[in-house]
Amino acid sequence: MRPFWYEELLREIAKDQLWRLPSALPGAFGYLYLPALAIIALASVMSAPIGARTAHRVDVKKLKRLFAVLLLGLASTMLYRAFA
């Protein structure tokens, strides 16, 4: 059972319209922007053979280290943005 203050908070938020979404962009289907989806899908399909060919040519140990460096870089960027 939810406490009383929780329901009152939800009523205040709804009254202030903080949860109202902006109107959709042209070409959007809900939260999905279809032109961006098409571009990302096309780029993925076009670059997948290049990535697969490169992964087969590179030594497994080196490939694992490159992937680890990529993950560390992404994690450090996320931490920096979270606390900056």
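Points to keep in mind about this one:
- Matching residues in the range 24-38 - criterion: being among the aromatic types (F, W, Y) and surrounded by 12 or more Cβ atoms within 10 Å (Cβ to Cβ): Y33
- Within the range 27-79, the set of residues being of a type in the set (S, T, Y) and at pLDDT 95 or above comprises S44, S47, S76, T77.
The values are calculated or read from the model by the stated rules, or taken from the named source; none is laboratory data. In this text, all values refer to a predicted model and were calculated from it rather than measured experimentally. Here the Cβ is made from the backbone with ideal geometry for all residues, glycine too, and neighbour counts use every protein chain on show.
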